[in-house]
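The structure appears below as structure tokens.
The values are calculated or read from the model by the stated rules, or taken from the named source; none is laboratory data. Here the structure is a predicted model, which means the values were calculated and not measured. With ideal geometry, Cβ positions are generated from the backbone for all residues, glycine too; neighbour counts draw on all protein chains shown. Note: areas computed on protein heavy atoms with side chains; ligands, DNA, RNA excluded. Shrake-Rupley method; radii C 1.70, N 1.55, O 1.52, S 1.80 Å.
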4 protein chains.
Amino acid sequence: MIVITQPSVTDERIAEIVAQIEQAGVTAHVSRGTDRTVIGIIGQAAPTLAEHLRQLKGVENVIKISKSYKLASRDFHPEDTVIDIKGVRIGGDNLVIMGGPCAVESAAQIDEIARLVKAAGGQVLRGGAFKPRTGPYSFQGVGVEGLQMMREAGEKHGLLTITEVMTPEYVDICAEHADILQVGTRNMQNFDLLRKLGTIQTPVLLKRGFSSTYDEFLNAAEYILAGGNPNVMLCERGIRTFETYTRNTLDLSAIPVLQGLSHLPVISDPSHGTGRRELVEPMAKASVAAGANGLIIEMHTDPDNSMTGDGVQSLFPDQFAGLLKDLERLAPIVGKKFDTKKEQPEAFAVWQR
Amino acid sequence: MIVITQPSVTDERIAEIVAQIEQAGVTAHVSRGTDRTVIGIIGQAAPTLAEHLRQLKGVENVIKISKSYKLASRDFHPEDTVIDIKGVRIGGDNLVIMGGPCAVESAAQIDEIARLVKAAGGQVLRGGAFKPRTGPYSFQGVGVEGLQMMREAGEKHGLLTITEVMTPEYVDICAEHADILQVGTRNMQNFDLLRKLGTIQTPVLLKRGFSSTYDEFLNAAEYILAGGNPNVMLCERGIRTFETYTRNTLDLSAIPVLQGLSHLPVISDPSHGTGRRELVEPMAKASVAAGANGLIIEMHTDPDNSMTGDGVQSLFPDQFAGLLKDLERLAPIVGKKFDTKKEQPEAFAVWQR
Amino acid sequence: MIVITQPSVTDERIAEIVAQIEQAGVTAHVSRGTDRTVIGIIGQAAPTLAEHLRQLKGVENVIKISKSYKLASRDFHPEDTVIDIKGVRIGGDNLVIMGGPCAVESAAQIDEIARLVKAAGGQVLRGGAFKPRTGPYSFQGVGVEGLQMMREAGEKHGLLTITEVMTPEYVDICAEHADILQVGTRNMQNFDLLRKLGTIQTPVLLKRGFSSTYDEFLNAAEYILAGGNPNVMLCERGIRTFETYTRNTLDLSAIPVLQGLSHLPVISDPSHGTGRRELVEPMAKASVAAGANGLIIEMHTDPDNSMTGDGVQSLFPDQFAGLLKDLERLAPIVGKKFDTKKEQPEAFAVWQR
Amino acid sequence: MIVITQPSVTDERIAEIVAQIEQAGVTAHVSRGTDRTVIGIIGQAAPTLAEHLRQLKGVENVIKISKSYKLASRDFHPEDTVIDIKGVRIGGDNLVIMGGPCAVESAAQIDEIARLVKAAGGQVLRGGAFKPRTGPYSFQGVGVEGLQMMREAGEKHGLLTITEVMTPEYVDICAEHADILQVGTRNMQNFDLLRKLGTIQTPVLLKRGFSSTYDEFLNAAEYILAGGNPNVMLCERGIRTFETYTRNTLDLSAIPVLQGLSHLPVISDPSHGTGRRELVEPMAKASVAAGANGLIIEMHTDPDNSMTGDGVQSLFPDQFAGLLKDLERLAPIVGKKFDTKKEQPEAFAVWQR
């Protein structure tokens, strides 16, 4: 951490700032420049010290040199995290494909979609049971029953399942039915939810807030890791920019950036990241080419009549299958393994009834 | 609502789109243009119709002509909403000033600050008992005890109180102690929280999400109104832009825009909106000049040592008092009433013990 | 300037970085931290040194402590710049009002508008003779003839004139006819134009690029100042954000921020900054309350039929006059002088024929 | 085009709006809705009609249904534009690679880099002779001499050349030496420059303004096309967002979006789009996977000592060659042709001395 003083600051003021630093149990190292004085801080400071120092008179700026997250940082965990869920490995050189509808609508719907996801080579079935809606008059989801329908479809067809959890109270029931819990973009800084997810071991797919920086994103992951749950995946799903033609701007640079800063797997969501069906396929390929550890894609058998209105960004089943065929050829070029015909892992067979 | 077709669309396809519209119980009105056909929809459509139509083949765009919110709209409620809390009136031509620390730290601290807020002419005491923190290792607040300290300070000095509520479970306990409940920027679309707040009558100050459009903001307010709580204030507190010198970019156009679109009072937060003490005063004045119905301002007796690190944006007590003196002169120029020497309302005296 | 090394960097690598720094004729000051080493640079470095160091192996970041602009900075010029043009003073505690149409359309139009601007208490007549248009098929302005019409109207009614200049070749002809030259938002980083403006003494109103940071804005001003022209005004005119309801987001914090960082006058443009007539008045008042040294406002006698289509943001003459009456009362509250009835300065009378 | 009225508008007012529309020589088609009336406009209206109507009393909004650009639109030119330059084909199913330094520094430097670009399989040599610099004290380029050095290097090694042109006066001299002229991000709406480029036939690579929408980008291309030059390539090079870790946010969705809206080739610039060397390779691959028709990449033999400071984003020669090898395998998966060993086209041999 570095403290930069204002140009006019007196020697006494500097001495007072130094005193405050040393009171915090760390060492101050003063460099007098032409205009400003710079005070370096050496040692492990309390997390609030930066904020405290920034408030002091005579301080122009406080710059953190070390990152504010530790457990999420590659500095302290150089190897890739690989999360093994019933034999499906997420992270490292594996490419994982999650597919399914925005919302579970009925047992027949989710069963048929699960069959198609599996046939195409996907490993995880996605589907929402509770829907956050930006207007109070929209479809809100089918609830716990939907969780059960999805679990049955996943077990029948040999797919893991992922579903969104929106409040701490629903974490346990969702974790009972799904293999992966998804935190939506609007909940990335719902700290109560993050803390609750830190107390369990179920893998979490944490979506980037649509206006969150990489630093804020990794700090949100740190909340879950710090609670004791090491099984976190990061998901880039588009950010808000001035461009409104696409629903969001899918920030693919996030993939190599996050993989550089962190050891956690990075998943891309080209469906929500673009909001337009015709862009899903090129952006899915681009995500894999950029190094993504996986994709989460909306697919629907009848997108024109999806209940959530997200059909506009859902692939048709044949588009989904065609895309996975292309990804099978693309993956090895970027050092990833993906096989649409792969036998399901043994653990899977045991688990599947 | 208007449906715009793709250029190449056939007559049969148009007929199918029209059939879907009429199935929804509304009337379709077809205009064939040079390139594209436009289908106007007349009547009260279900809220999901737009999303459904956008998914159809041959549809290029669906444009909503009417707003998606009703209760929050001035179209349906032309007069200003004025919320009366123990005789303090918020909305219309009243200017209300809310002041206090970011976080309640001790009984003595909040009592002294309450005294200073009242002496300067403020009407509401602000203070956080639970703090949302972007990193897992920061100060998290003093909890329920803080609510009690703040209520006592408010009652003693004749001030209303406002505090942030972050989860549905805390709504009741917060409402028991505070006169106004604040929803923070990260919770603007926490729909469970909004729904819970719709079930009570305690006034709510809803902060704009830092990346939310006016439309999303008013839809969030609609959630609370639709639940049955008409006492909602909107609060502009800065949005995220490419400029990082200020913590946020305080969007003062939001004040006249929201007052035009809605009848709800609009409060400005120049403290969080700038994140820098030296900007609070000019932006507070600018907010009132733009027509704000009130301000919420951080003030601290010892900002250099505030526990949250938000001291960097807190005014000193004399700055706060000087600002209110200036606002007293500024208010009448923009048709607002504000009197730093005003006797407390009678209802207040009754209520105050 | 501070160099921050990567965590893993060796002592030899640090020695090489230090050698590169000392080769540049400045002193290096090494502080070894727990994770990273910080190298402070003391002395006046060449402007390209930061970029050079950032490229070196082992360097994680280079942070500039001093600002990249000097002539525009208040650090080196503590008193406000006041530009005196024929007795009209811009900067310091003066409030200057510039009004007029987006484009000069005819001699009669500009004469009538000049009369109204003067009658309302304005000091400067604005009007465009050449229009930058975002589409190739739009109205492009009336050219040099328009400059003459505007000058005549200004002289007749005792107003200074301001017009936009878009290319270096037009600087001389525009400077011959107008008292102030305006650089539009899209030209803020047109370095050839800035350099040319540095070679004359005619005052320049430099508009902020709609996606430019404060730092970039002040560096653009520095270009003109470095060329030898000290008469520069900064103009906040709205930035591009995710919100599209307003044409731009008028960033009023820019006013106190720029006045803190720089000694140059800061003008606000609430017309282009909002793009909506009903917002001009509140945002004009807010600008003055935030401390603006002046305003530039579009006013038109027949906005419904303006040739540029910017009528949608132009005030009617009576709105303009009413606004100036209010500003006369508002100005003294924020320490500014403005008098709608003020006699024109003597220099003006001489100059006026 | 559609006009939407305000809710309260009278029948007379509607009749007046209709009269204004018919006066413009087009047909009005009135649909009365529950709240608002919608007036459709049928026929080819003058480009300024929308702006005119938006200014009228009683009008709430005017929505353009047809696009404001025609020549750039795929609606009117369904097949891909393929630009043939001395036998190198840009557009359609060809992948073109442009590589070279940010700035030409010396004849020896550019010759050596040209050799390496050719050896790696690139077809175009990039290099700047004039540099736009955001601060007035930075390196400004070597000028016309640099153009000559680059042309000689290109001819010797069998590469096309591309260089940036910044003002209309330099168009002719640049076109004399280079095969492709580049318009930089800050000049995307420099309309004088665009108009001048419309008068020649030299191909133009137009970079997206870093805060420009797709619509503005295509309108800028329209300027050049409308002038008579059909040889335009669009270049995505990153937009400004709230994220500052990367210099810009490379918006890869722009590639399929622009290819859908327009027939012009789309090139990606992962060097400026990220500003960090370690991100160039993954984002180059992602660009091709998203369907880009080409890439423009900075490569330097000694990036640590580049004169512009852009070395931080330049690839080393072996990284560049390795990337092109990977692209050779990736291209066919997305239907593109790219061969690092391809014999130079015959036309090239003739032209090369």
Inset, instruction - Test D:Ser66 against the criterion of being modelled with pLDDT of 80 or more, under 34 Å from the mean Cα position of the chain (by Cα) and polar (S, T, N, Q), and give yes or no. - result: no
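Can you list the strands (runs of 3 or more DSSP E) lying wholly within the stretch D:1-120 that have 3 or more residues being farther than 26 Å from C:Gly275 by Cα and either open to solvent by less than 30 Å² (accessible area, probe 1.4 Å) or touching a residue at least 40 places away in the same chain (Cβ under 8 Å) (or both)? Outline the logic, then answer.
Values: elements: D:2-5, D:27-32, D:37-42, D:59-63, D:83-85, D:88-90, D:96-100.
By residue number, D:96-100.
Give A:Ile65, A:Ile83 a once-over and let me know the one that is farther than 25 Å from B:Ser314 by Cα and touching a Pro at 6+ places or on another chain (Cβ under 7 Å). Before you say what the answer is, go through the steps one by one.
Details: A:Ile65 fails: touching a Pro at 6+ places or on another chain (Cβ under 7 Å).
Just one listed residue meets the conditions, A:Ile83.
Quick check: is even one residue across the stretch A:261-270 of a type in the set (S, T, N, Q), modelled with pLDDT of 95 or more and open to solvent by 10 Å² or more (accessible area, probe 1.4 Å)?
Quick first cut of the stretch A:261-270, residues of a type in the set (S, T, N, Q) only: A:262, A:268.
When the remaining residues are screened for being modelled with pLDDT of 95 or more, the result is A:262, A:268.
Right, trim to open to solvent by 10 Å² or more (accessible area, probe 1.4 Å) and you get none.
No, that holds for no residue.
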Inset, instruction - Please find, among C:Val62, C:Val104, C:Val9, the residue that is under 30 Å from C:Ser268 (Cα atoms), among the β-branched types (Val, Ile, Thr) and more than 9 Å from every other protein chain (Cβ to nearest Cβ). - result: C:Val104
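One line per residue, one yes/no per condition, for (1) surrounded by fewer than 24 Cβ atoms within 10 Å (Cβ to Cβ); (2) over 22 Å from B:Thr161 (Cα atoms); (3) aliphatic (A, V, I, L, M); (4) at pLDDT 95 or above:
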position	(1), (2), (3), (4)
B:Leu279	no, yes, yes, yes
B:Met283	no, yes, yes, yes
B:Ala286	no, yes, yes, yes
B:Glu298	no, no, no, yes
B:Asp304	yes, yes, no, no
B:Ser314	no, no, no, no
B:Pro317	yes, no, no, yes
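Being closer than 17 Å to D:Ala254 by Cα and open to solvent by 10 Å² or more (accessible area, probe 1.4 Å) is the requirement here; does A:Glu328 meet it?
Numbers: closer than 17 Å to D:Ala254 by Cα: no; open to solvent by 10 Å² or more (accessible area, probe 1.4 Å): yes.
Criteria not met by A:Glu328.
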Inset, instruction - Tally the residues that are touching a Gly at 6+ places or on another chain (Cβ under 8 Å) and within 14 Å of chain A (Cβ to nearest Cβ), restricting the search to the stretch B:17-44. - result: 1
Inset, instruction - May I ask you to verify whether B:Asn94 is of a type in the set (S, T, N, Q) and at pLDDT below 85? - result: no
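Evaluate the following for D:Leu250: is it aliphatic (A, V, I, L, M), under 28 Å from A:Leu218 (Cα atoms) and open to solvent by less than 10 Å² (accessible area, probe 1.4 Å)?
Values: aliphatic (A, V, I, L, M): yes; under 28 Å from A:Leu218 (Cα atoms): yes; open to solvent by less than 10 Å² (accessible area, probe 1.4 Å): yes.
Yes, satisfied.
Out of the residues in the stretch B:212-225 meeting the condition of being hydroxyl-bearing (Ser, Thr, Tyr) and crowded, with 22+ Cβ neighbours inside 10 Å, tell me which one is modelled with the lowest pLDDT. Can you show your working first?
As a first pass, look at the stretch B:212-225 and keep what is hydroxyl-bearing (Ser, Thr, Tyr): B:212-214, B:223.
From what is left, the residues that are crowded, with 22+ Cβ neighbours inside 10 Å are B:212, B:214, B:223.
Working: B:Ser212: 97, B:Tyr214: 97, B:Tyr223: 92.
Only one residue tops the list, namely B:Tyr223.
What residue, of D:Gly228, D:Gly198, D:Gly238, is on the phi > 0 side of the Ramachandran plot, surrounded by fewer than 24 Cβ atoms within 10 Å (Cβ to Cβ) and touching a helix residue (DSSP H, G or I) at 6+ places or on another chain (Cβ under 9 Å)?
Result of the check over D:Gly228, D:Gly198, D:Gly238: D:Gly228.
Which members of the stretch B:218-244 meet the condition of being hydrophobic (A, V, I, L, M, F, W, C) and within 11 Å of chain A (Cβ to nearest Cβ)?
If we filter the stretch B:218-244 for residues that are hydrophobic (A, V, I, L, M, F, W, C), which is where we start, we get B:218, B:220-221, B:224-226, B:232-235, B:239, B:242.
Once the filter is applied, which keeps residues that are hydrophobic (A, V, I, L, M, F, W, C) and within 11 Å of chain A (Cβ to nearest Cβ), the stretch B:218-244 yields B:Leu218, B:Ala220, B:Ala221, B:Ile224, B:Leu225, B:Ala226, B:Ile239, B:Phe242.
Can you pull out every residue in the stretch C:155-169 that is under 28 Å from C:Met188 (Cα atoms), away from every other protein chain (no Cβ under 14 Å) and out of contact with any His (no Cβ under 9 Å at 6 or more places or on another chain)?
Step one: of the stretch C:155-169, the residues under 28 Å from C:Met188 (Cα atoms) are C:159-169.
This time we only want the ones that are away from every other protein chain (no Cβ under 14 Å), so: C:159-163.
C:Leu159, C:Leu160, C:Ile162, listed by residue number.
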Legend entry - Of all residues in the stretch C:141-154 being in contact with a helix residue (DSSP H, G or I) (Cβ under 9 Å, 6 or more places away or on another chain) and open to solvent by less than 30 Å² (accessible area, probe 1.4 Å), the one that is farthest from C:Gly227 (Cα to Cα): C:Ala153
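I need the full set of residues from the stretch A:175-228 which are part of a loop (DSSP other than H, G, I, E, B) and closer than 20 Å to B:Gln189 by Cβ, in order please. Explain how you work it out, then say what you get.
Applying the first criterion (part of a loop (DSSP other than H, G, I, E, B)) to the stretch A:175-228 yields A:178-179, A:184, A:188-190, A:199-203, A:208-213, A:228.
Residues satisfying the conditions are A:Gly184, A:Met188, A:Gln189, A:Asn190, A:Arg208, A:Gly209, A:Phe210, A:Ser211, A:Ser212, A:Thr213.
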